[in-house]
């Protein structure tokens, strides 16, 4: 049975995150998805405490297992969980472009397979350029997903309630997160 792993800061989790997970589960017949909320990402700052991001992710992914990940780097997480050997690790196409700069990317590919969600119109050549840099390009599977042009960075600045799942919007409103005191521009 193949498990899916989906790691990230989820600051906040949005429609694009949920859509990537849904499309990956369908495209790869993944029966179980483990959403890993990175406590202290090694590659970027987070605006919200880990416990709140964990709560938001649980609201965004109610049908999946959502846990806090205390590893700053993916390879360190995978080293501690050899039982996930050959799992699918989910990424969006934009993040895959940075994969060669990750800590020990070849070891990541040795331990898991990558499932990369691409949207229509994303430059295939850019993905092929990354694949050409890898020793194990056969461990990467690209799958199509519908476009969801949402970025967490922009949401933290200009929250639009329709860009996050309704359960996430409720928590954001109740806690006054991400500028929630602003007037929403659309309904969830």
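Residue 59 meets all of the listed conditions (1) touching a helix residue (DSSP H, G or I) at 6+ places or on another chain (Cβ under 7 Å); (2) in a helix (DSSP H, G or I); (3) farther than 27 Å from residue 170 by Cβ but one, namely (3). Within the range 159-188, the set of residues being part of a loop (DSSP other than H, G, I, E, B), at pLDDT below 85 and surrounded by 12 or more Cβ atoms within 10 Å (Cβ to Cβ) comprises 159, 160, 164, 177, 178, 179, 180, 184, 188.
For the range 123-144, the set of residues classified as surrounded by 12 or more Cβ atoms within 10 Å (Cβ to Cβ) and either at pLDDT below 90 or part of a strand (DSSP E or B) (or both) consists of 140, 141, 142, 143, listed by residue number.
For the range 64-81, the candidate set comprises residues that are outside any helix (DSSP H, G or I) and in contact with a strand residue (DSSP E or B) (Cβ under 8 Å, 6 or more places away or on another chain); within that set, the residue that is modelled with the lowest pLDDT is 72. A count restricted to the range 19-40 and to residues that are buried (at least 18 other Cβ atoms within 10 Å of the Cβ) and outside any strand (DSSP E or B) stands at 7.
The values are calculated or read from the model by the stated rules, or taken from the named source; none is laboratory data. As the structure is a computational prediction, the values presented were derived from the model and not from experiment. Reconstructed Cβ throughout: ideal geometry from the backbone, glycine too, with neighbour counts over all protein chains shown.
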